[in-house]
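The values are calculated or read from the model by the stated rules, or taken from the named source; none is laboratory data. Model, not experiment: these values are computed from the prediction. Cβ coordinates were reconstructed from backbone atoms using ideal geometry, including for glycine residues, and neighbour counts include every protein chain displayed. With ligands, DNA and RNA removed, areas are computed over all heavy atoms of the protein, side chains included. Shrake-Rupley method; radii C 1.70, N 1.55, O 1.52, S 1.80 Å.
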Amino acid sequence: MHSRFITFGLAALAVLITGLVFINAVHNGITNWDDPDYLTNNPLLDWRKTPLRAYFTTVISGNRHPLTMLSLSLDHALGDTSLGQYHQTNLLLHLLNVGLVFGLCWQWSGGSRLVAFLVALWFGIHPMHVESVAWISARKDVLYTAFFLLSLISYWRFLDHKAWSYLVLSLLAGVLANLAKPAAVILPVVLVLITFWHDNKLTVKAMLPTIPFFMVSVIVGWLTLASQASAAAINEHYSGWERIQLGGYALVNYVAKAVWPVGLSALYGRPGAGAAFPWFFLAATVVSVVGLTLLGWLYGRQVRLAPKSDAACWFFGGAFFVVNLALTLQLIKAVGSAAYADRYTYVAYIGLFFAVAMTIQRLRRPSLRLAAVSMAAVFSVTFAGLSFTRVGIWKNAETLWTDVLKTGPFSATAYSNRGLFYEQNDRLEDALADYSMAVANDPRIVFRANRAYLLSKLNRPDEAVADADFLLRENPDNALALTIKGTALVGKNQPAAAIPLLTRSLKIDSTYLNTWVNLGSAYFTNKQYPEAIRHYQKAGLLDGQNPVLWTNLGAAFLQNKQYTDAIAACQRAISLNPANGQAQLYACYAYQKTGNIAEAKASAQQAQKLGQVVDAGMLQAMGL
């Protein structure tokens, strides 16, 4: 009883320390790094409006992960717009995983409380794991890991007792892990590995129970590749040799940062396909090959001769580490835009931590063991401090991308995304500076398009047209560039030149709201009011909650002498934004034209309060 109390007490201590390290995560906000896909733009977020089937068929950010989407929907139902609810759930799942890692390593180590505690603690507080906990979009990591660990624990129980109920439970947990994140397709390979660790050998008969797991992984893997291909998440341009170098570079960095987790980033840059790779990519590849060769040697020359030996332990831990990273090393396909990512180590590091903890546990000389435990304590305190600080990096998009620029000062993506944050928070000059830095560091179309659009918004039409022309030279059918140039020409009071550009843009992509709005403005400036009305109304179907759009429509109705319609449009604009002085002004003129002087007076007074200038003659006629 006393022994069990100590065991549970140590597990609770690992969970408590982890909770204290990550407690500030619940106060973080949202970033613009995938979070919009999972939250603000997620069509599945409100479960009341979403059929269950949609969670299984809809591709979000290049993947199907229905269980993750359901968990986010639950948070939405519980906390509505509160971001703290999402962060709390991430943290609770991480704490659950700390407890599960403790239980798993207690099994693997034959009941060693020291091993279980050290691995659970390091898993909980390692700085490389902050990304998986403090980032809302990493919900899939903490959620799939919970079921992944439950599957491993249940399978070990099956190996212990040969009870089929544990095998069924393990399979069910494995299916749920795959529904949370397709990375769980590696589960059957891991089960083969722990079968080896449990039995001290590996036979065909021992692997038979993993067949259903492999069948699940094949199905999920096929669906995942199809989803990523449809979302253009796979980069087909890297050669096989380039992908090998990317994998070798990532593997060396994962090992190095397990021991020395500094210089961390949300985005580690990589060379473009076909570009010259720096020398250290080749050097890292050589080191990785040597390391993998050593792993094979451990098995071939040591493990079979001495099961459960130190060599066997390091083979098992190292193999667990490599297997769980295998699909992220980009050897088969290059996915995403990063060389590697902190979050990919969330499960993989368990293997390395286990090998280290077992080595400490097996030290026989008291002085060596004391020294090792003391060193482990120093590393643990350091990890905790670094993680506590790093949690704040994920507060918002500005803090995130500012941190990325510390280690990647030439990252166009970081400049562009921080610029987007500034633009959305009306820090337009800061946004322009960042967009310009992005263009200076990477000439790709997406970065110049962001700057061109902002220049148009800032009413700097000549610069906007220059950027748009650059984009159109690259692709004459770039709908966004056509819209930007057309909008800039409207700003330069050249509606006749703007109209054909905006019309052409609509033929290419009729879903872009700004094209409809700006084409309406071009027709309005060109005094073609019926056409302006038609385009503004079409824009209203795309976004009926835009007060500027309704104000423009009211102005067009007013000029077309449709005064009743003008009043209705202006009232809609005012209801969406009570501080809309322009809408009050247009409403004033429309009321005056219909003979409703009382309402005209009220609107005129409101317009004046909001800084609008009302025609002096009209004010005199109304007795104001």
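In region 162-177, the count of residues that are open to solvent by 20 Å² or more (accessible area, probe 1.4 Å) and in contact (Cβ under 8 Å) with a residue 60 or more places away in the chain is one or more.
Please find, among Gly99, Gly84, Gly62, Gly29, the residue that is under 21 Å from Ala120 (Cα atoms), surrounded by 14 or more Cβ atoms within 10 Å (Cβ to Cβ) and either of a type in the set (Lys, Arg) or touching a residue at least 24 places away in the same chain (Cβ under 8 Å) (or both). Even if it seems obvious, please write down each step before you answer.
On the way: Gly84 fails: under 21 Å from Ala120 (Cα atoms); Gly62 fails: under 21 Å from Ala120 (Cα atoms); Gly29 fails: under 21 Å from Ala120 (Cα atoms).
Exactly one residue qualifies, and that residue is Gly99.
Just a yes or no: is a residue in region 399-419 open to solvent by 20 Å² or more (accessible area, probe 1.4 Å) and among the acidic types (Asp, Glu)? Within region 399-419, not a single residue is open to solvent by 20 Å² or more (accessible area, probe 1.4 Å) and among the acidic types (Asp, Glu). Listed conditions (1) more than 24 Å from Gly486 (Cα to Cα); (2) out of contact with any helix residue (DSSP H, G or I) (no Cβ under 9 Å at 6 or more places or on another chain) are all met by Asp426, apart from (1). In region 81-91, the count of residues that are of a type outside the set (A, V, I, L, M, F, W, C) and not in a helix (DSSP H, G or I) is one or more. In this structure, does Phe557 turn out to be open to solvent by 50 Å² or more (accessible area, probe 1.4 Å), without any contact (Cβ under 8 Å) to a residue 40 or more places away in the chain and in a helix (DSSP H, G or I)? In short, no.
Restricting attention to region 429-438, the residues that are more than 23 Å from the chain's Cα centre (by Cα) and either open to solvent by less than 60 Å² (accessible area, probe 1.4 Å) or among the basic types (Lys, Arg) (or both) total 3.
For first residues located in region 527-546 and in a helix (DSSP H, G or I), partners that are open to solvent by 80 Å² or more (accessible area, probe 1.4 Å) and modelled with pLDDT of 85 or more and lie 6+ apart or on another chain with Cβ distances below 7 Å form the pairs Tyr529/Gln559.
Search region 235-252 for residues being within 22 Å of the chain's Cα centre (by Cα) and open to solvent by 30 Å² or more (accessible area, probe 1.4 Å), and hand back the single one that is nearest to Phe379 (Cα to Cα). If we take residues in region 235-252 being within 22 Å of the chain's Cα centre (by Cα) and open to solvent by 30 Å² or more (accessible area, probe 1.4 Å), then Asn235 is nearest to Phe379 (Cα to Cα).
In region 315-325, is there at least one residue being of a type in the set (Phe, Trp, Tyr), part of a helix (DSSP H, G or I) and open to solvent by 40 Å² or more (accessible area, probe 1.4 Å)? Within region 315-325, not a single residue is of a type in the set (Phe, Trp, Tyr), part of a helix (DSSP H, G or I) and open to solvent by 40 Å² or more (accessible area, probe 1.4 Å). For region 197-205, the count of residues that are surrounded by fewer than 22 Cβ atoms within 10 Å (Cβ to Cβ), at pLDDT 95 or above and more than 29 Å from Leu10 (Cα to Cα) is zero.
The rows are residues; the columns are (1) open to solvent by 20 Å² or more (accessible area, probe 1.4 Å); (2) within 33 Å of the chain's Cα centre (by Cα).
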site	(1), (2)
Pro461	yes, no
Ala497	yes, no
Val517	yes, yes
Phe524	yes, no
His535	no, no
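Taking region 179-205 as the range and being free of Cβ contacts under 8 Å to residues at least 24 places away in the same chain and out of contact with any helix residue (DSSP H, G or I) (no Cβ under 8 Å at 6 or more places or on another chain) as the test, the residues that pass are Thr203, Val204, Lys205.
Condition first: under 33 Å from the mean Cα position of the chain (by Cα), among the basic types (Lys, Arg) and surrounded by 17 or more Cβ atoms within 10 Å (Cβ to Cβ). Can you find one or more residues in region 477-495 that meet it? For region 477-495, residues under 33 Å from the mean Cα position of the chain (by Cα), among the basic types (Lys, Arg) and surrounded by 17 or more Cβ atoms within 10 Å (Cβ to Cβ): present.
For (1) at pLDDT 95 or above; (2) open to solvent by 50 Å² or more (accessible area, probe 1.4 Å); (3) over 23 Å from the mean Cα position of the chain (by Cα), each residue gets a yes or a no:
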position: Leu327; (1), (2), (3): no, yes, no
position: Ile332; (1), (2), (3): no, yes, no
position: Tyr349; (1), (2), (3): yes, no, no
position: Leu368; (1), (2), (3): no, yes, yes
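Ile597 meets each of the listed conditions (1) modelled with pLDDT under 90; (2) within 27 Å of Asn493 (Cα to Cα) apart from (2). Report yes if Phe379 is assigned to a helix (DSSP H, G or I) and touching a Cys at 6+ places or on another chain (Cβ under 9 Å), otherwise no. When the stated conditions are applied, Phe379 does not pass them. Counting the residues of region 271-290 that are open to solvent by 40 Å² or more (accessible area, probe 1.4 Å) and touching a residue at least 40 places away in the same chain (Cβ under 8 Å) gives 2. The C-beta contact set for region 560-582 (first residue outside any helix (DSSP H, G or I), second residue open to solvent by less than 60 Å² (accessible area, probe 1.4 Å), distance under 6 angstrom, 6+ apart or interchain) comprises Asn560/Tyr529; Asn577/Pro547; Asn580/Pro547; Asn580/Ala573; Asn580/Ile574.
Given the criteria out of contact with any strand residue (DSSP E or B) (no Cβ under 9 Å at 6 or more places or on another chain), surrounded by 19 or more Cβ atoms within 10 Å (Cβ to Cβ) and without any contact (Cβ under 8 Å) to a residue 60 or more places away in the chain, does Gly385 qualify?
On the way: out of contact with any strand residue (DSSP E or B) (no Cβ under 9 Å at 6 or more places or on another chain): yes; surrounded by 19 or more Cβ atoms within 10 Å (Cβ to Cβ): no; without any contact (Cβ under 8 Å) to a residue 60 or more places away in the chain: yes.
No.
Can you name the residue in region 109-125 that is surrounded by fewer than 24 Cβ atoms within 10 Å (Cβ to Cβ) and not basic (Lys, Arg) and, of all such residues, is nearest to Lys395 (Cα to Cα)? Out of the qualifying residues, it is Phe117.
Cβ-Cβ contacts under 6 Å between residues 6 or more apart (or on different chains), taken from a first residue in region 417-446 that is without any contact (Cβ under 8 Å) to a residue 40 or more places away in the chain to a second residue that is polar (S, T, N, Q) and in a helix (DSSP H, G or I), are listed as Tyr435/Asn450; Ala438/Ser416. Set side by side, the residues Thr40, Thr50 differ, and just one is of a type in the set (S, T, N, Q), at pLDDT 80 or above and either surrounded by 13 or more Cβ atoms within 10 Å (Cβ to Cβ) or touching a Ser or Thr at 6+ places or on another chain (Cβ under 8 Å) (or both), which is Thr50.
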